[in-house]
Structures are given as structure tokens and as C-alpha cells.
Amino acid sequence: MASLIDRILDGREILHRRPWPRAVVGAHLWRFVAGELAQGRLSLLGFWGDPSMVHMAIMDEAAADVAIVSLDCPDHAYASIGRLHPPALRLERTANDLFGLSAQGSPDSRPWLDHNKWGVRFPLGNRIDALPNAAPYRFLPVDGDGTHQIAVGPVHAGIIEPGHFRFTASGETVVRLEQRLGYTHKGVEGLMSGATIERAVQLAGRVSGDSTVAYAFAFSRAAEAALELAVPERAVFLRALLAELERLANHLGDIGAICNDASFVLMHAHCSVLRESVLRAANAAFGHRLMRDVIVPGGVTRDLTNEAREIIRTTLDNIRRRFPSLVELYDNTASLQDRTVDTGVLKPALARQYAAGGYTGRASGRTFDARRTLAYPPYDRLRFEVPTLNEGDVNARVWIRVREVEQSLLLIDQILTGLPEGPSRADVPERSEAAEGMAIVEGFRGDVLVWLRLRGGLIERCHLRDPSWFQWPLLEAAIEGNIVADFPLCNKSFNCSYSGQDV
Amino acid sequence: MRRLLFESLFRRPFTEQAPSPDEAGLTELAEVVGQAARRRLGRSLSIREVDAGSCNACELEIHAINNAYYDAERFGLRFVASPRHADVLVVTGPVTKNMRDALERTYHATPDPKWVVAIGDCARDGGCFAGSYAVVGGVSEVIPVDLHIPGCPPTPMAILRGLLALLQQVEGNAVTI
């Protein structure tokens, strides 16, 4: 049977298929796709603007089929997807902030990234001067007896990124959380336009520091798709090694940090030591603790020496020896479990609706993992499990990370054993004609999507979609009914990226 | 838990030897730290971290200086939750236009005497984000900066060296410029 996406694209002209098809659709089909998203028959992977066009990446999860549908908007307006499918709302607000493309019928037309500080409106579209006296941001109104509001941020109490949280509480209980983000918006997509591929991959690796490998990986794969460039086998495996080391380091850090937010410092201290050991091995192997600027279009900039391979092996052996007793400690400390079990529950239906990636989705019953579902190389040749749970609480998000640490250890073993010989980098061909490419890579937090269009050997347009776009709104839902004091715990268990979302 | 704690008693500590303070940092600092400040602050510094638009990589490495290997607290360096409790603001990132006000207000909320340490290449001049419509530039475009620690991100050891240079200046010992 033809997949839903085949039926949508049936008879349309496919503009590009690198690797997924993109087709321009009419208003009627655009609305049909919105309806299918709302019915849960399709998942929204991304939504972004171009000067007079909007694009939407969609997935038929059952068939593991992905496509991009585009809608011309010569008059800078289109029928809102968010009206029927709320996960699109913040992305539509962003398309308006950056390009001046307005979503007709949207229930929320407030700005999102634009705080009226740039001195300009629609910076990536037809620029106009900023509003002279913008009205203050309208938070959602609150009615009801005995509620009070707590405003937190943008500067937070910990060593974390900036964002504003507006809590409405009834006594100790959170009735509603409303997020206000965009503080770290750096205009990366604006800087991308006109950039060389070398500069662009550096920028991509600086969208979200904890996912620098995942972003460079996704960007490089998208550029290679556009250039129809094949990467040497050795580089394919080294990229997975880098990606798994990044996942390992972040998960180890997170497991400790979540326990720390429940005031269980011992776990944090031990997990930090293990995290540090991974970063030191990464530094020894690739010359940078976070492995920044190692993945580039064509391959990797540093090959793995035999000494480095042994350093990584020794580090992994040490983690394998130490980690189980920490997991046991987590599992057997009743006072800690009391904080994490049943706290911050994300219902599976919401995770599915928002197509939430990473541990956030997989702790709430969603089985998607780009490494498995989309099976990009070398994961199509590696053995691993995708752990899922249905509870959706902080505890489940901890356990998914624990299981993924174990899987990453197994994956790195396979990569080090099966690492092919040969070159680790191919030359990037010079091509002047226009070409598009898209890639989806599983970062530690979830699926990172990069779509780009090259012209004249430069980036004409590049969109980078962080997994956090579809996780932040779910944190608002998960915190409802919890006590204010559990917010840091819930927040850390999601560990959404501010910079990745604000981009 | 008891077994883990027991083992820790017999294991060699992870903590590494103290790095020497950063020479370049000492020079940059020599002029800004007065005698009066040294007397008032004693041997410790309270630090408030402000992310003014970074990609979060600098935050990861600032976190790392608190782990068992670097153990910043042994030098009297501690991170506090409010600028009102701070002697030092550690600022990361290219300052975004959306964070400019918050950074200024945090600076003004910090009592005197105070110092500002800009961490990372972006904090010096905007780094690879300089020139964007959404970016102001380096931290010194918005508030006065006393010390820069370069790197993308700087390693925990580099951050520690920079902060130790600041501490030495404040303490008033081993000042040999």
C-alpha cells in the first residue's frame, strides 16, 4: 500500500529528492496536510520560512517516510497549520518574526524570537524599521481566586542559559507555566546566508554547545546530500564514534545533574567524574573536549590513531566498571525515588502529538530514534536497542538515559572493532548550480534537522531545527499540578536547549 | 551508598594540582584591583554566572571547574545564585540584543567592589556571531570587563587559571607584575 506521503505527493512535480522529496503544493493540499497532522496520521518534523514561501517537513512514522511540502506565499500569508496542529505554533510565530510571513487564522500571533530589540523587523525577509514603541509582551491572562504569579529569569540562579518562566501557582502547586524564550537569538540563519560551506559548518557547530557534534553531523550530511558527495567509510564510522561519545558525556552529566536538583549530590559528584573522563578521552582522540569542528562536509578533520583508540577503550572499561554501582545507588535510594517517580509526567498522547524526540519522547512511549527509524549510515550496520518506557515521569527520563549510556558503550565497541581502513575525508566538489539537501541526525537530546540550499558554491538558505522546539511546550504541560519546588528537577529531566531553540 | 562512600576513603583523590595563575590575566588585572578591595574580600570570591547569549558550551566548561578534578571551591571560588551576593560576574556569549538589558541590570544589581570576567571568544568580540542583526558584540560593549579568558570554549584549566589570577590580585599576595 502506498504511504500517506506517496499519496500526498502523487502527481506533483518533485523538485528535489536529496534524500527526501520536496514538492510545492497548493492551498488545498496544504490544508489537507494540516488536517492529517491534526489527526495524528503525520508528524511535524519542521516548519520554516523562505522570503516568499513556507516549508514543512512531515513524516509518516509507520512507513518511516519523510517529505517536504512547500507553499508559495506571494502576499506573505498562508493558512495556519498551528490552528489545527498546535506543535507548529511557535515555528509559525518565528517565521513571522524572521520573514514577515503571517499565519492566517492562528490563535497566537504574538512575536516569539523578536523582542523588539533588533532595530529591524523581518531581518531575513523584506526588512522594515522596528516599531518605535512596541507594546510589552502579552502573557496569557489568568483568572481565578487565590492564584499568584512567579516570574523567573531571564537570568537564572544556576549556571544555565537564559529564558523567562512565568508561573501561575495556587499555593505550592503550579497551575500554569508560560515560557518566554528567544533571549539567546543570535541570528544564525541570517549569518548562514551567503556563507561559505567552511564557515557555515562552524556556525552549525555553535548552535547548541552540548550538541556541537550532532549539528556538525546533520549540517554535513545535508550539504553532502545537496552536493551528492559520498563520504569515505572510515569517516562514516568515526562520525558515529563522535556522536556516541557526545551522547555518553551528556547523558552521564544529565543523570548526575537531575539527582543534584533533587539534592542528591553524591550521584552528581560521581557522574561528573565519569563525564569528565569521556571529555578527556575526546580531547586526547580528537583535540577538543567537546569535539567541536571535527565533522565537516566530506568527512572528519582528524583521524583516530591507535593510541587514541586505546585511550577510548580504557575510558569505556572504567565507565563499565563504575556506572552499574551508580545505577544501583539511584535505584535503591528511596528519598531520591520519592522525588523522581510520578513527578513531571508527560502523557504519551502529547509526546506523540508533538513528535517529541530523544529521551523526552522515548520515556513517554514514542519509539522514534532517527538512528533506527531513518537508519542513516553507519547505524544501518550497527546493533543497538532503542529503549522506551511509558511512564513519562522524571524517573523514566532518567532510566532512558541510563539505558542509552549502556547502548552507546556497546555501539562504541562495535565502531572501534569494525573501523574500516582508508581515508577519512573526501574533497568537497565545487558546484555552482543550485542544490538542496536535508538531514536528520539523532543528537543526545533528540533529532536535529538541517535543511539547506546551495547556490554558487555558497549557502543561500539554511534552516537548523533543534529537537527542543517540540519539547519545550511539553515541559509547560508536564509541570502542571506539580509543586513549584519540583520545577528545576522537571526542567533538568527535559534539559531542553535554549540556544538551539533561539538559534 | 555506604560502599561507595567507604571506597572514596581509600581511593586517591581525583583532584589535580592547582594550576599557576594566568600570566596574561595577571597583567590585565594589575590595574583594576585596589588595596581596599583586597582587605574586604579576604581569600574568597563569590561568582555569579551570566549567559548573555552563548551557545552553552562555555557553561558546560564552567560547570566542569566544580567537578572533583578541578574543585574550584578549594580556592574559595564559589558560584552564587544572585548578583546581589556576588563579587565577580562571569559573562559568556556574544551579548545578544535580546539579553543586553538583562546583562546591564545584573551588573547594576551587583554590589561594589565588583569585577567582570568575560569567558570565551564570543565574549571578547562576538566571535563568529559578530555582525549579526541580533548581536551587540563582546561583553565590553555593554559593561566594563576586567579579564578575558579566550577559547571556544576555554578548557576548565584555562578558566581556573584566569580566576586564580583574579583571586591572587584580590588577595594581594604574589603580585609580581
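What follows draws every value from the coordinates through simple rules; no lab data is involved. These numbers come from a predicted model, not from an experiment. All Cβ positions, even for glycine, are placed from backbone atoms using ideal geometry, and neighbour counts span all protein chains on display.
In Å, what Rg and Dmax follow from the Cα atoms of the stretch A:224-285?
In Å, with Rg to one decimal and Dmax whole: 16.3, 51.
How large are Rg and Dmax for the stretch B:80-129 when only the alpha carbon atoms are used, in Å?
So, for the stretch B:80-129, Rg and Dmax equal 11.3, 33 Å respectively.
Rounded to the nearest 20 debye, what is the charge dipole size of the stretch B:87-160 about its Cα centre when +1 sits on each Lys and Arg Cβ and -1 on each Asp and Glu Cβ?
Here the size comes out at about 160 debye.
What FRET efficiency would be calculated for the residue pair A:Arg455, A:Ala27, taking the C-beta separation as r and a Förster radius of 30 Å, to the nearest 0.05?
Result of the calculation: an efficiency of 0.65.
Evaluate E = 1/(1 + (r/R0)^6) for A:Glu13 and A:Glu476, where r is the Cβ-Cβ distance and R0 equals 41 Å; express this FRET efficiency to the nearest 0.05.
0.55
Taking N as the number of residues in the stretch A:147-219, what value does Rg over Cα atoms divided by 2.2 N^0.38 Å take?
Ratio of Rg to 2.2 N^0.38 Å for the stretch A:147-219: 1.55.
Which value, in Å³ per residue, describes the convex hull spanned by the Cα atoms of the stretch B:69-177?
In the stretch B:69-177, the Cα hull volume divided by residue count equals 113 Å³.
Quick one: Karplus J couplings for the stretch B:86-96, per residue in order, coefficients 6.51, -1.76, 1.60, θ = phi - 60°, nearest Hz, x for Gly and Pro?
My calculation for the stretch B:86-96 gives 9, 9, 10, 9, 9, 10, 10, x, x, 6, 7 Hz in order.
With a point put 7 Å past each Cα toward its Cβ, work out how far A:Gln149 is from B:Ala109 in nm, to one decimal.
That separation, rounded to one decimal, is 1.7 nm.
Suppose R0 equals 41 Å. What FRET efficiency, 1/(1 + (r/R0)^6) with r the Cβ-Cβ distance, do A:Asn126 and A:Glu228 give to the nearest 0.05?
After rounding, the FRET efficiency stands at 0.80.
Could you give me the percent of Cα pairs per 5 Å distance bin for the stretch A:354-503, shortest bin first, beginning at zero and ending with the bin that holds the maximum distance?
Pairs per bin, as whole percents: 2, 8, 14, 17, 16, 14, 11, 8, 5, 2, 1, 0.
How many percent of all Cα-Cα pairs in the stretch A:184-240 sit more than 14 Å apart?
Considering the stretch A:184-240, 59 percent of its Cα-Cα pairs are separated by more than 14 Å.
How big is the dipole moment of the stretch A:228-353 about its Cα centre under a simple scheme where the beta carbon of each Lys and Arg is +1, that of each Asp and Glu is -1, and everything else is neutral? Debye, nearest 20, please.
100
Give me the three principal axis extents of the stretch A:60-101 from the C-alpha atoms, as integers in angstrom, largest value leading.
Projected onto its principal axes, the Cα set of the stretch A:60-101 covers 35, 21, 17 Å.
Taking H placed 1.01 Å from N in the peptide plane, check which residues at least 5 places from A:Arg41 or on another chain put their amide H under 5 Å from its amide H.
none
Quick one: putting +1 on the C-beta of Lys and Arg, -1 on the C-beta of Asp and Glu, what dipole do you get for the protein assembly as shown around its Cα centre, in Debye to the nearest 20?
Magnitude of the dipole: close to 440 debye.
Taking H as built 1.01 Å from N, whose amide H comes closer than 5 Å to the amide H of A:Ala77, not counting residues under 5 places away?
Those qualifying (amide H under 5 Å, at least 5 residues apart or on another chain) are A:Ser102.
Please give the per residue volume of the convex hull enclosing the alpha carbon atoms of the stretch A:63-203, rounded to a whole number of Å³.
Residue-normalised Cα hull volume stands at 210 Å³.
Can you list the residues, at least 5 places off or on another chain, whose amide H is less than 5 Å from the amide H of A:Leu389, using H built in the peptide plane?
A:Ala363, A:Ser364, A:Gly365
Expressed in nm², what is the orientationally averaged projection area of the convex hull enclosing the Cα positions of the protein assembly as shown?
Mean orientational projected area (the protein assembly as shown, Cα hull): 30.4 nm².
For n ≥ 4 DSSP H runs only, could you compute -39500 (n - 2.57) per run for chain A, divide by its residues and tell me the 222 nm figure to the nearest 500?
-12500 deg cm²/dmol
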